[in-house]
1. Within the range A:80-128, track down each residue that is in contact with an Asp or Glu (Cβ under 7 Å, 6 or more places away or on another chain) and near ligand 2 (Cβ under 8 Å from one of its atoms).
2. Which numbered condition trips up residue A:83, out of (1) more than 16 Å from ligand 1 (Cβ to nearest atom); (2) in a helix (DSSP H, G or I); (3) under 14 Å from residue A:128 (Cα atoms)?
3. Give the residues of the range B:95-112 that are more than 7 Å from chain A (Cβ to nearest Cβ) and either of a type outside the set (Val, Ile, Thr) or farther than 20 Å from residue B:2 by Cβ (or both), sorted by residue number.
4. May I ask you to verify whether residue A:107 is within 16 Å of the chain's Cα centre (by Cα), crowded, with 22+ Cβ neighbours inside 10 Å and in contact (Cβ under 8 Å) with a residue 60 or more places away in the chain?
5. Can you find, within the range A:135-151, the residue that is nearest to ligand 2 (Cβ to nearest atom) among those that are more than 8 Å from chain B (Cβ to nearest Cβ) and within 25 Å of residue A:34 (Cα to Cα)?
6. Among the residues of the range B:114-142, which ones are within 18 Å of residue A:103 (Cβ to Cβ) and either facing chain A (nearest Cβ under 7 Å) or touching a Gly at 6+ places or on another chain (Cβ under 9 Å) (or both)?
7. Given the condition more than 14 Å from ligand 1 (Cβ to nearest atom), out of contact with any Phe, Trp or Tyr (no Cβ under 6 Å at 6 or more places or on another chain) and closer than 23 Å to residue B:295 by Cα, answer yes or no: does some residue in the range B:189-204 qualify?
8. If a residue must be at the interface with chain A (Cβ under 9 Å from one of its Cβ atoms) and part of a strand (DSSP E or B), how many such residues does the range B:255-265 contain?
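The values are calculated or read from the model by the stated rules, or taken from the named source; none is laboratory data. Computed from a prediction, not measured in an experiment: that's the story for all the values here. When we count neighbours, we look across all protein chains shown, and the Cβ atoms used for this are built from the backbone with ideal geometry, even at glycine.
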Amino acid sequence: MKVLVPVKRVIDYNVKARVKADQTGVDLANVKMSMNPFDEIAVEEAVRMKEGKEHHAAGTVSEIVVVSIGVTQAQETIRTALAMGADRGLLIQSDADLEPLAVAKLLKAVVDEEKPDLVLLGKQSIDGDNNAVGQMLAALLDWPQATFAGKIVLADGKATVTREVDGGLQTLAASLPAVVSVDLRLNTPRYASLPNIMKAKKKEIAVKAVADYGVDTAPRLKVVKVTAPPQRSAGIKVADAAELVAKLKTAGVL
Amino acid sequence: MAVLVIADRDGDTVRDTTHKTVTAALKLSGDVDVLVIGQGSKAAADAAAKIAGVRKVLLAESAGLGHQLAEAVEATVTGLAGGYDAILSPATTDGKNFMPRIAAKLDVAPISDIIEVVSNDTFVRPIYAGNALETIQSGDAKKVITVRPTSFDAAAEGGSASVETVAGADAGKAAFVSEEMVKSDRPELGAAKIVVSGGRALGSAEEFHAVMDPLADKLGAAVGASRAAVDAGYAPNDYQVGQTGKVVAPALYIAIGISGAIQHLAGMKDSKIIVAINKDADAPIFQVADYGIVGDYKVVVPELMAALG
Ligand SMILES: Cc1cc2nc3c(=O)[nH]c(=O)nc-3n(C[C@H](O)[C@H](O)[C@H](O)COP(=O)(O)OP(=O)(O)OC[C@H]3O[C@@H](n4cnc5c(N)ncnc54)[C@H](O)[C@@H]3O)c2cc1C
Ligand SMILES: Nc1ncnc2c1ncn2[C@@H]1O[C@H](COP(=O)(O)O)[C@@H](O)[C@H]1O
């Protein structure tokens with residue numbers, strides 16, 4: 001079967017975002033950018049499905065297509081996924097930071113073309129923290145969804161997914177085709193080896209424009225301003241537990 | 001303007017996340033209805049009817065809604081959406097699961113995890129792990145919003161709304177298989193007044209429980225964990241506090257052997273008082289802690305237990 005993995009280029013998770021002085025957004029000039037960490041997990045799982053690793057039967061997946069919607073440099077993100085083991089890439093070039101609804105509509109158009117059996121994506125992008133695209137794509141396709149996956153078993157035309165939910169774990173069976181969004185415990189993504197990085201250079205990345213898909217990507221939300229959150233100031237170091245308890249009693253929290 | 005709040009049901013009652021979402025909803029409009037979904041949810045609907053300020057409670061029951069699967073919830077809620085200008089749910093894993101799906105069906109841009117209602121079309125939400133706050137104005141006729149419960153006070157009890165039955169959709173193309181819920185007599189992480197969290201330093205599941213559980217019991221606290229502790233299997237996934245886990249804002253948060261990565265801080269920096277116990281005096285957690293003890297938790301925690309008496 002074929003798996004489609006949408007990947008987003010975002011601020012590196014080690015970088016602390018800083019708000020621009022004019023309150024129009026976050027300053028991304030000269031900031032390290034990387035693949036959204038959850039999307040690395042999605043790519044890794046797709047590659048394991050293809051390799052027949054762990055509980056995935058050999059031959060479960062025959063082709064992995066990665067798609068990114070974003071600036072030209074998002075090709076580097078796609079290239080990373082190809083080096084991890086994906087087969088080919090598609091960049092839908094956009095200089096505008098599209099909202100999840102627009103991203104989901106573009107991804108639906110890609111799904112209509114590519115006809116994958118499974119869309120595997122991150123549960124959340126660590127810049128916008130929306131946690132929305134997978135669920136929205138599933139709705140637009142009228143496919144079942146399984147979000148926050150900690151384990152995925154593909155068999156008998158179903159994805160049996162164990163989900164990380166409030167209170168513990170929930171397992172559900174979604175008939176394929178389905179959309180599955182991945183959580184942190186699914187796997188630990190690999191680092192691409194040098195030979196695979198070299199091989200990835202030869203893999204194909206198609207580049208398209210948003211306009212090629214004829215979907216409405218007009219923003220629905222207006223960003224009024226982006227501000228820094230109230231800062232906490234560092235408090236004091238106390239000598240020992242007895243002093244701590246005294247302070248907490250004075251503060252009225254014990 | 002009328003607002004529909006989707007309740008966070010807990011057996012025969014509703015969680016206080018529902019009360020907090022009602023508070024957010026009442027900032028949008030005085031006409032707030034609560035939808036209780038599930039199977040055998042009449043008692044929970046009666047509980048929701050007691051929340052002050054609620055106009056009426058809608059009860060949707062069907063086998064397919066039993067586990068709040070997204071497809072059935074979406075079909076139920078979109079069927080009711082015509083009567084509402086905004087649909088709100090707490091930003092629980094259930095809410096995060098079904099609300100964007102509902103939004104897409106309604107061709108609406110969802111607004112995730114709001115921490116403030118500025119006006120009935122403008123909201124504030126954290127982005128970039130809480131390192132920026134975005135004020136956004138929605139141009140959609142209908143709003144679909146998840147609410148960060150820790151940012152709103154709970155609506156009081158004392159209401160007496162009527163309960164009305166509405167149609168509940170059948171299950172869609174996904175079926176519930178099983179669940180494995182963590183049993184605990186302790187308060188819920190999101191609602192607890194005191195939270196004690198353990199990190200990678202604890203080193204093993206046995207040590208995590210041996211250190212954290214007695215301390216939590218003594219304080220009547222909930223137990224949380226860092227991602228590193230969860231990844232390593234010291235604590236269940238449900239304990240993870242942070243950007244991509246649970247957000248907590250208790251009166252007292254005690255971080256033990258946690259370094260204070262931005263993703264962790266995103267989930268706890270709105271706590272009233274933060275205490276950090278860490279052997280590294282330069283750990284970033286101390287930059288947000290009101291009180292810090294530099295030391296080995298193996299020494300400090302037993303001393304703390306003794307000092308608490
Ligand atoms: C996409 C993504 C999402 C993430 N989401 C989250 C999230 O939601 N929540 C979260 O917590 N993290 C999250 N993280 C992970 C985060 O970046 C950190 O890796 C994690 O929080 C570190 O956990 P820790 O503080 O327990 O471990 P470490 O960073 O290893 O810190 C351990 C600390 O223990 C101290 N220590 C060691 N021994 C002792 C001792 N004997 N006594 C006292 N102190 C001791 C050390 O000095 C150190 O400061 C996420 C990361 C990514 C990439
Ligand atoms: N611009 C994009 N291009 C490709 N995939 C995306 C894009 N935006 C979001 N996604 C995917 O959707 C997931 C959830 O993102 P979000 O709903 O924005 O938090 C991400 O982890 C990605 O897999």
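1. Passing the criteria: A:121, A:122, A:123.
2. Condition not satisfied by residue A:83: (3).
3. Within the range B:95-112, B:95, B:98, B:99, B:106, B:107 meet the criteria.
4. Numbers: within 16 Å of the chain's Cα centre (by Cα): yes; crowded, with 22+ Cβ neighbours inside 10 Å: yes; in contact (Cβ under 8 Å) with a residue 60 or more places away in the chain: yes.
It is true that residue A:107 is within 16 Å of the chain's Cα centre (by Cα), crowded, with 22+ Cβ neighbours inside 10 Å and in contact (Cβ under 8 Å) with a residue 60 or more places away in the chain.
5. My answer is A:149.
6. Start the filter on the range B:114-142 by keeping residues that are within 18 Å of residue A:103 (Cβ to Cβ), which leaves B:125, B:127-128, B:134, B:136, B:138-140.
Scanning the range B:114-142 gives B:127, B:128, B:134, B:136, B:138, B:139, B:140.
7. The answer is yes, given that some residue of the range B:189-204 is more than 14 Å from ligand 1 (Cβ to nearest atom), out of contact with any Phe, Trp or Tyr (no Cβ under 6 Å at 6 or more places or on another chain) and closer than 23 Å to residue B:295 by Cα.
8. 0
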